[in-house]
Amino acid sequence: MADAAATTLTSNRINRRQAFVRWLRRTHGWFGLWGAILGLLMGFSGIWLNHRTVLKLQLPDQQQINAQLELTDPQPATIDALAAWLQQALTLDRPASNMRVERSRPVAWSEKGAGEGRPLTQPERWTLSFGGPDKVIQVEYWVGNKSVGVRTTENGFIATLTNLHKGVGMPVPWILLIDSLAGSLIFLSLIGAILWWETNRRRLVGLTIFGISVTVTAVIAMSPLQW
């Protein structure tokens, strides 16, 4: 009787373990399917962004136009009023995706040949962004000026992908969608590690490889050497 009970208990444990492993595999597959397309997009644009400085990669089909736009009287009193005026003046179909106010502050100003710098007050600075990943309009306004600086960037296919990667000009739903992809990657990593642990008996070798990878990553990330 004792042997039969022990055999039944062992069999139940094996069945539970097998059911758990099957659940992990199914979950891993579904989460991988959810992020497949976004993963390809982020992977391709991520490789480009990762090598753009070292390889001096230029974004093809990207054009920039700088201009000055005169303000009408009375001048906008708030950044919201300026955003509404710009949307109408530039005939934009969407409101500003980002607005930032840099408060006025004292700055040091030293003339050539002078001793100590004399304090001056830098005026308040407003910056606004319009458009999406394919076209970005950036506006800079120093409060008190009679005009605003407008820089329009027309992006090609590669530049649009990199802007999607960085979330430039994208609304909150897109940012939340990318957050869901990031969460899926974290979840997939955890599930993958658990699945490997449950199905592989050569755990010491795996832990050694993991430890080496962590060490190499830390050394390269903290290395002051320039390649």
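Determine the calculated [θ] at 222 nm for the chain from helices alone, applying -39500 (n - 2.57) to every DSSP H run no shorter than 4 residues and normalising by the residue count; nearest 500 deg cm²/dmol. Don't jump to the answer; show the numbers that get you there.
Values: 6 runs with 118 residues, N = 227.
Estimated from H runs of four or more residues: -18000 deg cm²/dmol.
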To the nearest 20 debye, segment 16-99 has a Cα-centred charge dipole, built from +1 on Lys and Arg Cβ and -1 on Asp and Glu Cβ, of 1320
Extension gain V219-A182, at 0.36 nm per residue separation less the Cα-Cα distance, in nm?
10.9 nm
Return the single residue from N200, N50, N98 with maximal mean-square fluctuation; model: Gaussian network over the chain, springs between Cα atoms under 10 Å.
N200
If you line up the Cα atoms of the chain on their principal axes, what length do they span on each, largest first, in Å?
96, 48, 35
Once Lys and Arg get +1 and Asp and Glu get -1 on their Cβ, which of L33, T72, Q18 lies farthest toward the positive end of the dipole of segment 13-95?
Q18
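Stretch E124-L33 to full length: gain in nm at 0.36 nm per residue minus the Cα-Cα span? Walk me through the numbers before you get to the answer.
Details: separation 91, 0.36 × 91 = 32.76 nm, distance 4.82 nm.
Residue separation times 0.36 nm, minus the Cα-Cα distance, leaves 27.9 nm.
Quote the charge dipole size of the chain about the Cα centre in Debye, to the nearest 20; the model charges only the Cβ of Lys and Arg (+1) and of Asp and Glu (-1). Walk me through the numbers before you get to the answer.
Details: 22 positive and 15 negative charges, 257 e Å.
Charge dipole, the chain, about its Cα centre: 1240 debye, nearest 20.
Could you compute the FRET efficiency for V205 and I47, with r as their C-beta to C-beta distance and R0 at 30 Å, rounded to 0.05? Show your work: numbers first, answer last.
On the way: r = 30 Å, r/R0 = 0.99.
The computed FRET efficiency comes out at 0.50.
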Between I175 and L71, what is the label-to-label distance in nm when each label sits 7 Å out along the Cα-to-Cβ direction?
2.6
Rounded to the nearest 10 Å², the accessible area of R16 using a 1.4 Å probe with every protein chain kept is 140
³J(HN,Hα), Karplus 6.51/-1.76/1.60, whole Hz, each residue of segment 24-41, x for Gly, Pro
4, 5, 5, 5, 4, x, 5, 5, x, 5, 4, x, 4, 5, 5, x, 4, 4
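Enter the mean projected area of the convex hull around the alpha-carbon atoms of segment 94-205, in nm², rounded to one decimal. Could the numbers behind the result be given before it?
On the way: hull surface 59.6 nm².
Mean shadow area of the hull around the Cα atoms is 14.9 nm².
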Separation of segment 162-187 and segment 21-75 by C-alpha centroid, Å?
9
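The values are calculated or read from the model by the stated rules, or taken from the named source; none is laboratory data. Nothing here was measured: the structure is a model prediction, and the numbers come from that model. Methodologically, a virtual Cβ is constructed for each residue, glycine included, from the backbone with ideal geometry; neighbour enumeration extends over all protein chains shown. Note: areas computed on protein heavy atoms with side chains; ligands, DNA, RNA excluded. Shrake-Rupley method; radii C 1.70, N 1.55, O 1.52, S 1.80 Å.
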